[in-house]
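The values are calculated or read from the model by the stated rules, or taken from the named source; none is laboratory data. All figures in this text were calculated on a predicted structure; none of them were measured in a lab. Reconstructed Cβ throughout: ideal geometry from the backbone, glycine too, with neighbour counts over all protein chains shown. Each accessible area value is taken on the protein alone, full model and side chains, heavy atoms only, with ligands, DNA and RNA left out. Shrake-Rupley method; radii C 1.70, N 1.55, O 1.52, S 1.80 Å.
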Amino acid sequence: MREASVSGLACEARLNLRNLPHYIDRISDRLQSFDADASREGQRLDFRFAFGDASLDMERLVMRANAADRDGLARIKDLLATAVEVYAKEESPEIVWTGDLAEETRLAQFREMVVTQVGDLTRHMRRIRFAGEDLSRFAKFGGMHIRMLFPTRDVPDPLWPVLGSNGLPGWPSDDRRPAARVYTIRALDVEMGIIEVDFLIHPGDSVGARWAMQAAPGMKIGMMGPVGRRVRPASWYLMGADETGLPALARMLETLPAETKGVAFIEIADDGERQVVDNATGIEVHWLPRNGVPAGLDDRLARAIRSVAWPTGSAFGWFAAEAAAATTVREHWRGTLALGRNETLAAAYWRRGAVGLMAG
Ligand SMILES: Cc1cc2nc3c(=O)[nH]c(=O)nc-3n(C[C@H](O)[C@H](O)[C@H](O)COP(=O)(O)OP(=O)(O)OC[C@H]3O[C@@H](n4cnc5c(N)ncnc54)[C@H](O)[C@@H]3O)c2cc1C
């Protein structure tokens, strides 16, 4: 059990939902998946995060958030409002927060960033360095991904998001809304105020890859985050990624404790796409070149993952690649091997033919 956190700032919102009991388990599951300790007292569910507390009162139909600082409160409001919006979607919930920082319009998770450096790691992987102010929150909350907001041909001069009264990002103008895509923070230096992102330059008409191809110092983009959950600590990992999951996998290899063991498979277009990764762990890395097979159509990555016997003891499975491969791996881990949700994460990072997967 975590110790009670300091509750310097507090706010609440009414939950005018007819069928709250119908959604409550899924809302609670989602909140717990962000590393919350949960407890129940009568009709009230309490969640204790590292950065503050939340509660859902099913009798009084109210949700509450409190935290020691602005970032923590903003994060809890965002987690609660997102969970309610997602699972109670059919009732189009109207969330209005009252209490501390209710008048705030600055979106805590947003930064405007400026390109300072562009370089190619390989023929298809471009590393871009961005500078921005006060990046400390990108090292908090466990998530290592970001929602990047790009200007496009149709919206060359976008308006950035503001904080809505529901605690979620609001868009000042639909006509000037930027296009969003999800990327990984490959490297972060809070003191120097820089974030690096590795962009795969993939074929087809796109927003992110197209922007990266013509990126130059001085260009501006928006960044929201961090998004995603903390990777569970384990002493052995089975990992799989294609080029889109490689930035996250490489960051883990560079930061996991040296005594960590395991196996990692990385699918790349060809041998020219291998990267030097400063692997600080005992995880064995195997590169799987597609050698002419189009991305998303080669099943060797999923087969390689399935061929590895699951060990006894503390282990975690992490997979990030095209949607069909992620489904195969998830079915194997959760279905065939009956592993739990807290032992595996198999995520779709893109889907053949789909635009902007997971960026909504
Ligand atoms: C949590 C998370 C982290 C991610 N991190 C990174 C990262 O660090 N670096 C990175 O490059 N990507 C990353 N991705 C993947 C990236 O978000 C998608 O590839 C996204 O579609 C790219 O947007 P786009 O505008 O270039 O293409 P879109 O406009 O979304 O798609 C245009 C077309 O390109 C196709 N396409 C998209 N991705 C690929 C691909 N990899 N290969 C071939 N065709 C493709 C689509 O199917 C579509 O037909 C991440 C995704 C998630 C969910």
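Some notes on this structure:
- Entry remark, segment 187-232: residues being touching a residue at least 60 places away in the same chain (Cβ under 8 Å) and either part of a strand (DSSP E or B) or within 13 Å of the ligand (Cβ to nearest atom) (or both) number 28 in total.
- One residue from VAL115, VAL86, VAL96 being in contact (Cβ under 8 Å) with a residue 40 or more places away in the chain and surrounded by 15 or more Cβ atoms within 10 Å (Cβ to Cβ): VAL115
- Which listed residue is among the hydroxyl-bearing types (Ser, Thr, Tyr), more than 16 Å from the ligand (Cβ to nearest atom) and either more than 23 Å from LEU80 (Cβ to Cβ) or in the same structural domain as ASP53 (by TED's automatic domain parsing) (or both), from THR184, THR152, THR116: THR116
- Those strands (runs of 3 or more DSSP E) of segment 19-93 in which 3 or more residues are of a type outside the set (D, E, K, R) occupy 44-49, 52-57, 62-67.
- Conditions (1) crowded, with 21+ Cβ neighbours inside 10 Å; (2) in a loop (DSSP other than H, G, I, E, B); (3) within 14 Å of the ligand (Cβ to nearest atom): number failed by GLY167: (3)
- Some residue of segment 218-225 being in contact with an Asp or Glu (Cβ under 8 Å, 6 or more places away or on another chain) and not assigned by TED's automatic domain parsing to the domain that holds VAL162: no
- Annotation note: of LEU80, LEU61, LEU107, the sole residue that is within 11 Å of GLU12 (Cα to Cα) and under 25 Å from the mean Cα position of the chain (by Cα) is LEU80.
- Count of residues meeting criterion [under 19 Å from the mean Cα position of the chain (by Cα) and either within 16 Å of the ligand (Cβ to nearest atom) or not basic (Lys, Arg) (or both)] in segment 336-360: 17
- The combined condition, being farther than 28 Å from ASP270 by Cβ and out of contact with any helix residue (DSSP H, G or I) (no Cβ under 6 Å at 6 or more places or on another chain), is not fulfilled by GLY204.
- Residue identified as surrounded by fewer than 22 Cβ atoms within 10 Å (Cβ to Cβ) and either without any contact (Cβ under 8 Å) to a residue 60 or more places away in the chain or more than 23 Å from the chain's Cα centre (by Cα) (or both) among ALA54, ALA68: ALA68
- Counted residues, segment 228-242 - those being modelled with pLDDT under 95 and over 18 Å from THR255 (Cβ atoms): 0
- In the set (1) at negative phi; (2) within 22 Å of the chain's Cα centre (by Cα), GLY228 fails one condition alone, (1).
- Per the conditions (1) in contact with a strand residue (DSSP E or B) (Cβ under 8 Å, 6 or more places away or on another chain); (2) modelled with pLDDT under 95, the sole criterion not satisfied by VAL155 is (2).
- Hits in segment 320-354 (condition: charged (D, E, K, R) and over 23 Å from SER206 (Cβ atoms)): ARG330, GLU331, ARG334, ARG341, GLU343
- Filtered by the rule that a residue be buried (at least 16 other Cβ atoms within 10 Å of the Cβ), in a strand (DSSP E or B) and either among the basic types (Lys, Arg) or more than 16 Å from the ligand (Cβ to nearest atom) (or both), segment 265-311 gives PHE265, ILE283, VAL285.
- Here ALA346 meets the list (1) touching a helix residue (DSSP H, G or I) at 6+ places or on another chain (Cβ under 7 Å); (2) at pLDDT below 95 almost entirely, failing just condition (2).
- When restricted to residues that are open to solvent by 30 Å² or more (accessible area, probe 1.4 Å), away from the ligand (no atom under 16 Å from the Cβ) and not in a strand (DSSP E or B), segment 233-255 contains 2.
- Sole residue being over 15 Å from LEU345 (Cβ atoms), among the hydroxyl-bearing types (Ser, Thr, Tyr) and in contact with a strand residue (DSSP E or B) (Cβ under 8 Å, 6 or more places away or on another chain), chosen from THR255, THR260: THR260
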